[in-house]
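The values are calculated or read from the model by the stated rules, or taken from the named source; none is laboratory data. Keep in mind that this is a model prediction, so the values were computed, not measured. We place every Cβ from the backbone using ideal geometry, glycine too, and count neighbours over all the protein chains shown. Side chains included, ligands, DNA and RNA excluded: accessible areas come from the protein's heavy atoms. Shrake-Rupley method; radii C 1.70, N 1.55, O 1.52, S 1.80 Å.
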Amino acid sequence: MKINYFYPEYEVVRQDSRCTRCRLCEEQCANGVHFYDEKHQVMLSEDSRCVNCHRCVATCPTRAIKIVKSDCDLKENANWSSSVMKEIYKQAESGGVLLSSMGTPNTLPVYWDKILINASQVTNPSIDPLREPMETKVFLGKQPARIRRKADGTLDCTLPPQLELSMPVMFSAMSYGSISYNAHQSLARAASALGIYYNTGEGGLHEDFYCYGANTIVQVASGRFGVHEDYLNAGAAIEIKMGQGAKPGIGGHLPGAKIVGDVSRTRMVPEGSDAISPAPHHDIYSIEDLRQLVYSLKEATHYQKPIIVKVAAVHNIAAIASGIARSGADIIAIDGFRGGTGAAPTRIRDNVGIPIELALAAVDQRLRDEGIRNEVSIVVGGSIRSATDVVKAIALGADACYIATAALLAMGCHLCRTCQAGKCNWGIATQVPELVARLNPDEASQRLIHLLTAWNHEIKELMGGMGINSIEALRGNRLMLRGVGLNEKELEILGIAHAGE
Ligand code: SF4
Ligand code: SF4
């Protein structure tokens with residue numbers, strides 16, 4: 001007798017009076033939830049397979065379906081929550097490490113929501129962004145201590161290589177393999193149209209996307225998948241991935257099932273074999289070793305590309321960032337522990353790392369204290385959800401933000417958190433051709449452009465309200481922030497006053 005240790009988490013509720021038996025839901029669900037009962041001529045569902053991705057809800061022509069969270073739950077108490085009990089049942093059955101995707105669902109503090117933004121009143125006028133110029137352009141990279149000009153005004157010095165962004169937001173690393181060809185193409189096209197950058201992640205760069213190189217950041221991770229001279233020179237900047245917010249301290253793993261066709265060629269990994277990036281770079285055990293790689297990459301690209309070093313936000317992040325700034329890197333990217341991923345061990349995703357807000361404040365302060373803040377730009381990611389999160393991050397000291405989950409949502413992702421299964425019904429986290437075809441790059445890139453255009457308007461409005469007309473004037477301006485419901489230590493680390501002060 002088969003025992004089901006717990007009731008399905010989600011239930012499909014179908015209004016029979018509305019259902020026309022068109023069977024579209026059956027065709028749209030890669031998880032096999034819906035099926036047609038010929039004998040009784042009715043649509044039925046296997047609720048245990050439902051991941052609540054809402055593809056059937058969105059495509060049912062008669063709006064006959066809704067998915068509800070089941071109210072048939074296990075008997076919880078303060079110590080043994082339903083999810084903890086279910087995890088034990090799953091491990092008792094599989095004997096394996098629990099895998100998850102996207103960011104942690106745990107209720108640890110989101111400091112962005114405990115920080116409020118200032119507005120000008122009476123003595124320092126606000127600025128109307130509809131009538132007055134507002135500058136959201138930013139440059140990332142080393143800032144020279146002095147600039148010399150010739151008599152005719154032209155530069156009499158060499159500037160370090162920089163990235164120029166029309167607004168302080170970029171698309172974070174998502175590899176081809178973890179996301180689909182169409183998803184990558186959508187990001188590349190949107191980045192080009194917006195004047196920002198997208199990031200290859202550790203999966204290499206598909207030959208079709210070399211034409212977007214001026215808006216591409218190419219990544220070098222511990223597995224070195226898809227890394228060769230043309231690849232390094234194809235992008236506008238190179239990112240060395242030392243860590244990732246969703247899984248600090250471990251490497252990456254793309255299952256062999258996803259290493260097919262172009263993914264295999266682009267990664268330079270044989271079809272069907274797992275692509276496992278080691279936890280450390282095997283040639284980096286010190287800041288001196290990191291410096292060697294930074295300068296090897298600069299050398300390989302004729303000192304024309306800024307080098308980014310990406311790290312996960314961990315306990316000693318300020319000291320780590322100080323070392324990275326001294327390694328010759330031009331940009332530090334810090335990824336907070338709420339960051340998303342295509343697949344991570346659940347225990348690591350939910351328990352390792354620190355919030356990006358605290359990491360950012362600590363790093364910015366440390367680099368200022370050491371007098372090296374202008375040696376590097378700081379880019380932060382790990383659950384940047386809105387224009388207000390961006391503005392708060394800039395005021396805490398960031399030069400720009402990385403977004404990934406928000407970009408996936410704009411393309412249609414419904415955060416079902418099962419990317420690791422490779423059956424994304426929205427055509428994003430999958431390599432199954434018929435699923436990939438569901439994501440239309442024309443529509444998806446336009447939705448990304450709309451999202452960031454809207455954010456840029458909101459950033460200008462928020463800055464105008466503060467009486468600030470440029471990102472440069474907002475950067476590190478913590479006087480513009482106040483905390484609510486935070487203790488003394490949290491306020492001290494964030495470097496902000498409490499509301500009312
Ligand atoms: S898509 Fe909607 S109308 Fe069509 S079979 Fe499914 S529930 Fe019925
Ligand atoms: S990308 Fe697809 S599989 Fe992953 S969370 Fe979003 S909808 Fe689900």
Where in region 382-451 are the helices (runs of 4 or more DSSP H), entirely inside, with at least 1 residues that are open to solvent by 30 Å² or more (accessible area, probe 1.4 Å) and among the hydrophobic types (A, V, I, L, M, F, W, C)? 405-411
Kindly indicate whether residue 126 is polar (S, T, N, Q), at pLDDT below 95, closer than 30 Å to residue 498 by Cβ and surrounded by 15 or more Cβ atoms within 10 Å (Cβ to Cβ). yes
Residue among 64, 92 that alone is more than 30 Å from residue 433 (Cα to Cα) and either without any contact (Cβ under 8 Å) to a residue 12 or more places away in the chain or more than 16 Å from ligand 2 (Cβ to nearest atom) (or both): 92
Residue by residue through region 68-81, note down the ones that are among the charged types (D, E, K, R) and outside any loop (DSSP other than H, G, I, E, B). 69
When residue 460 is evaluated against the numbered criteria (1) buried (at least 21 other Cβ atoms within 10 Å of the Cβ); (2) charged (D, E, K, R); (3) within 16 Å of ligand 1 (Cβ to nearest atom), which criterion, by number, is the only one it fails? (3)
Single match in 303, 210, 295 (criterion: more than 24 Å from residue 381 (Cβ to Cβ), open to solvent by 50 Å² or more (accessible area, probe 1.4 Å), in contact with a helix residue (DSSP H, G or I) (Cβ under 8 Å, 6 or more places away or on another chain) and modelled with pLDDT of 95 or more): 210
Just to check your reading of the model, which residue among 84, 57 is within 16 Å of ligand 1 (Cβ to nearest atom) and in a helix (DSSP H, G or I)? 57
When region 214-246 is examined, which residues are found to be among the charged types (D, E, K, R) and open to solvent by less than 20 Å² (accessible area, probe 1.4 Å)? 239
Evaluate region 341-348: report whether one residue or more is of a type in the set (A, V, I, L, M, F, W, C) and in contact with a Phe, Trp or Tyr (Cβ under 9 Å, 6 or more places away or on another chain). no
Tally time: how many residues in region 306-328 are in contact with a helix residue (DSSP H, G or I) (Cβ under 8 Å, 6 or more places away or on another chain) and in a loop (DSSP other than H, G, I, E, B)? 4
Across region 4-26, which residue is nearest to ligand 2 (Cβ to nearest atom) among those that are in contact with a Phe, Trp or Tyr (Cβ under 8 Å, 6 or more places away or on another chain) and touching a residue at least 40 places away in the same chain (Cβ under 8 Å)? 6
Scan of region 153-204 for residues that are assigned to a loop (DSSP other than H, G, I, E, B) and either touching a strand residue (DSSP E or B) at 6+ places or on another chain (Cβ under 6 Å) or within 16 Å of ligand 2 (Cβ to nearest atom) (or both), ordered by number: 156, 162, 168, 172, 174, 175, 177, 178, 180, 196, 197, 200
Hey, among the residues in region 60-81 that are open to solvent by less than 70 Å² (accessible area, probe 1.4 Å) and within 16 Å of ligand 1 (Cβ to nearest atom), which one's nearest to residue 7 (Cα to Cα)? 68
Only one residue in 143, 91, 121 is open to solvent by 40 Å² or more (accessible area, probe 1.4 Å), assigned to a helix (DSSP H, G or I) and of a type outside the set (Asp, Glu). Which one? 91
Residues that are basic (Lys, Arg), within 16 Å of ligand 1 (Cβ to nearest atom) and closer than 26 Å to residue 51 by Cα: does region 418-429 have at least one? no
Residue within region 40-48 that is over 30 Å from the mean Cα position of the chain (by Cα), near ligand 1 (Cβ under 8 Å from one of its atoms) and either more than 16 Å from residue 8 (Cβ to Cβ) or not hydroxyl-bearing (Ser, Thr, Tyr) (or both) present: yes
Test: residue in region 101-110 that is surrounded by 14 or more Cβ atoms within 10 Å (Cβ to Cβ) and either of a type in the set (Gly, Ala, Ser) or within 16 Å of ligand 1 (Cβ to nearest atom) (or both): yes
Provide a single number: the residues in region 260-280 that are closer than 30 Å to residue 140 by Cα and touching a residue at least 60 places away in the same chain (Cβ under 8 Å). 3
